[in-house]
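**Q** Okay, handing you the structure first.
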Amino acid sequence: SPSSKTETPQSKQQTQTKNEIKEEETNLKTPTKKKRSTSSPQSKSKTPRSASPRKRPRIEPGSLKPPPKWESIYSLVEELRADKTAPLDSDGGGSLPEKHRGEVVFRYQVLTALMLSSQTKDATVGEAMRAMQSRGLDVQTIHDMDAEELNGYINKVGFHNNKTKYMKQTADILIKDYNGDIPSTAIEMITLPGVGPKMVR
């Protein structure tokens, strides 16, 4: 069509301009090779990762005004959550552990649920936890259980092979170093196999 003929030179020019911009960006991003320095490793100054600029400024708690009509939105959320039918309500880390078995077992089961929860849906964690609870879920049982049997209980959980290994190693550490209980500090908790920063918080 006539209109496409008139647009063709413009589109060619636009494409050429885009290619030139991309080439400039590539040149800016691609570092030039530096000659190896003969100076000692101690003389090199390393910039810590934390020194990199934040993508957005930090928001201090209480510094922002609430959005308009937030009360009505919050009351709607409360209404929707009143029936407690979400998977989190029945299969979350706080709902699954057996409180009637005592504080030590309760804490261990909370830790176990958190270890299983990584890359796994709540309902799947709940199924695995209830299966182990029917066998008797405590640190001594997991310590004595064969790894293959344990893996069978959690085989629907994401990365179950790794988690089986971590659970066995953790049970061994808890019995040897903590008298079968979990560590009392976050610093100690994070040293357990398969336990990350988000879990300890």
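The values are calculated or read from the model by the stated rules, or taken from the named source; none is laboratory data. Just so we're clear, the structure is a prediction, and the values are computed from it rather than from any experiment. We place every Cβ from the backbone using ideal geometry, glycine too, and count neighbours over all the protein chains shown. Note: areas computed on protein heavy atoms with side chains; ligands, DNA, RNA excluded. Shrake-Rupley method; radii C 1.70, N 1.55, O 1.52, S 1.80 Å.
**Q** Over the C-alpha atoms of the stretch 94-201, what are the Rg and the largest Cα-to-Cα span, Dmax, in Å?
**A** Spelled out, the Cα radius of gyration and Dmax of the stretch 94-201 are 12.4, 32 Å.
**Q** Ratio of the stretch 57-145's C-alpha Rg to 2.2 N^0.38 Å, to two decimals?
**A** So the Cα radius of gyration is 1.51 times the expected 2.2 N^0.38 Å.
**Q** In square angstrom, what is the accessible area per residue of the stretch 147-201 with a 1.4 angstrom probe?
**A** Per residue, the stretch 147-201 has an accessible area of 60 Å².
**Q** In whole Å, what three semi-axes, largest first, describe the equivalent ellipsoid of the stretch 91-143 built from its Cα gyration tensor (square root of 5 times each eigenvalue)?
**A** Over the Cα atoms of the stretch 91-143, the semi-axes work out to 17, 11, 10 Å.
**Q** Another question, then. Filter the cross-link list 99/121; 55/84; 121/165 down to pairs whose alpha-carbon distance in this structure exceeds 30 Å.
**A** Violating the 30 Å limit, Cα to Cα: 55/84.
**Q** While we're on this one: How many nm is it between the label spots at residue 140 and residue 188, if each spot is 7 Å from the Cα in line with the beta carbon?
**A** 2.0 nm
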